[in-house]
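Here the structure comes first, spelled out in structure tokens, and everything after it is commentary.
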Amino acid sequence: MAPFATGCLLLLFSFCSVRQTAASWNSSRNLTEPTPVVIWHGMGDSCCEEFTLKFIKLVEETVPGSYVLSLKIGKTVQEEIQNSYFMNVNYQVKLACNILSKDTKLQNGYNAMGFSQGGQFMRAVAQRCPSPAMINLITFGAQHQGVYGLPHCPGESSHVCNWIRKMLNEGAYSSLLQDHLVQAEYWHDPLNEALYRNKSIFLAEINQEKRINESYKDNLMKLKKFVMVKFLKDSMVDPIDSEWFGFYKAGQAKETYSLNESVLYQEDRLGLKAMDKASKLEFLTVDGDHLQFSKEWFINTIVPYLK
């Protein structure tokens, strides 16, 4: 990596201080109230700003009396946004698990919603942290098999997105980027699967591509429902098939395979095949761009999983 690029990366890291907190709504819960909902936002977003706030309000409006916890990794909005790009994902998951374990309102279980990269992060929580119990997991436009491209990067700083693209193309699997660039940790290069499996510190690990961790499989299979929402006109996720655990066939980047055709499914490394046979997997579509759906669709399609 060029000295200038390295310097830029280190400079950006200096702004990403760490503190675990959580933003929550409503103050009490008992067993007669709706199941709590935990939300993990996507790249370039924060727990409580306008984009995520509309999802929080949507849950509160459609599931009256619900306790909604929006995970916050960082002490300020700006720090949280920076952490969505530059904080090690494994550490973020650890912080999230700590937040959840300390929240007494979640002790009887909760439903989880993960938006964009927050989807695979929330799945990692389900696999690694079984207490408190996650009941239903709903992911919206998640990249469960990673991405091979960053066609549209959200956020206000286009120069940051352009810099991220450059870094990913030049050395996504370098130890520096794997440790400190979030998008590198779910970068999946179909032209070099061996390098991906050996060097990916997050995605390859939670997808059981390095070794089989039976607890990951056991914990994920405890879910009542695992719901995956795919956006058919998604301009951000490449390939879109990743939102349902599909990906590019090895050695090229045009043809894709489905979940059912994957080694992950056929060898049932993560329990998805068993969950599928038990009708625990739900595959939903929205005929729109990334995270674009109507309130009516949410009420009719998603709310039943939250009650």
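The values are calculated or read from the model by the stated rules, or taken from the named source; none is laboratory data. Being a predicted model, the structure only gives us computed values, none of them experimental. For accessibility, only protein heavy atoms count, side chains too; no ligands or nucleic acids. Shrake-Rupley method; radii C 1.70, N 1.55, O 1.52, S 1.80 Å.
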With a 1.4 Å probe and every protein chain kept in, tell me what percent of the accessible surface of the chain is carbon plus sulfur.
51
The stretch 160-307 - Debye-derived log10 I(q)/I(0), Cα point model, q = 0.19 Å⁻¹:
-1.33
Between the alpha-carbon centers of the stretch 39-117 and the stretch 212-273, tell me the distance in whole angstrom.
23
For the chain, report the accessible area per residue in Å² (1.4 Å probe, heavy atoms, rounded to an integer).
42
Cα-based convex hull, the chain, per residue volume (Å³, whole number):
120
Report for the chain the percent antiparallel among DSSP-assigned beta bridges with both residues inside it, nearest 5.
25
